[in-house]
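No lab work stands behind these numbers, since they all come straight from the coordinates. The structure presented is a predicted model; accordingly, all values stated were derived computationally and were not measured. When we count neighbours, we look across all protein chains shown, and the Cβ atoms used for this are built from the backbone with ideal geometry, even at glycine.
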Amino acid sequence: MLSGVKRKRTDEPFETGERWALTFNDIMTLMLTFFVLVLSMSSLDVGSLKDVHQEMATALGGTRLTKALTSGSEGVPALIQTPKFTSRTSPAAQRSTGARDADDPSLTAIALALRDIFNVRLVEEGGDRFDSNQPLGTQQKYPGIVDDQYYEPGIVVLKQRRGVVLRLPGELLFKTGDATVTERAHRILDAVAAALTRTDLQVLIEGHTDALPVVTRTYASNWELAVARSVSVAQYLIDRHGIRPERIGVSGYADCVPVAPNDTPQHRELNRRVEIVFLRRF
């Protein structure tokens, strides 16, 4: 029935013609696209490079922009030249070589003023003295504020990374469980105000307590007592001596930052304190 239908032989070869050219064209197109992409990525925006280089040179205190940069891609080597640094020493290097306060003369001035006012040694945070070049007895006097015999036990002047810290025992400023500045504290805070007038440093006043629960109707916890004491000191300096409020910050830490274990009455007395921090300019 189907004998009249002519069947196509399966062993006849396919007609390939010029099909190889299609594959070749695809490959060439891809290669051309690739090279165009590489070329576009290698093109330099001289204007942008000029701005970046100038900002880097200014920040590093180095060389001015070289003329080579203005001549297209030939200016690229100028970007990788070694900058010519000035002889300025970094603050970290100054502190490591002994010039610890050379980066902020105001800190040195306030530290020496506190030493002279309270007749105490200046102490590094680790316990080392750092004013050994000038013995006590040769310091500047402050008539009307302190005299040669003025001394209050427990006052410490510390040098820390954040700045200079004046540590005042709580017993010198307040009665037990109270945040009202006592008459005895007036002379101390008057001396602090005298030091404050000699600098424009920012000041942080911190209140600290021991770990014993506070027993008073006024303050529900050591947190409230610590904050109230720091606020009282700040208010005294502002109201009595006209210290600008924007220079002062207050905080309270309760018993969270002790300087001694809270295991004996003597240690707890050390922890009850107010710290006045003259902050370093970073």
Tell me which of N222, N262, S251 sits at the most positive position along the dipole axis of the stretch 190-282, charges placed on C-beta atoms (Lys, Arg +1; Asp, Glu -1). S251
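Averaged over every viewing direction, what's the projected area of the C-alpha convex hull for the stretch 188-282? Give it in nm², one decimal, please.
Hull-based average projected area comes out at 7.0 nm².
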Arranged by the count of other C-beta atoms within 10 angstrom, fewest first, what order do K175, K159 take? K175, K159
What ³J(HN,Hα) values, in whole Hz, does the Karplus curve 6.51 cos²θ - 1.76 cosθ + 1.60 give for the stretch 216-229 when θ = phi - 60°, with x put for Gly and Pro? 7, 7, 6, 10, 6, 7, 5, 4, 4, 5, 4, 5, 4, 5
Calculate the FRET efficiency for T176 and V259 from the Cβ-Cβ distance with a Förster distance of 22 Å, rounded to the nearest 0.05. 0.70
Inter-probe distance in nm under a simple model that places probes 7 Å from Cα toward Cβ, at S221 and R240: 3.1 nm
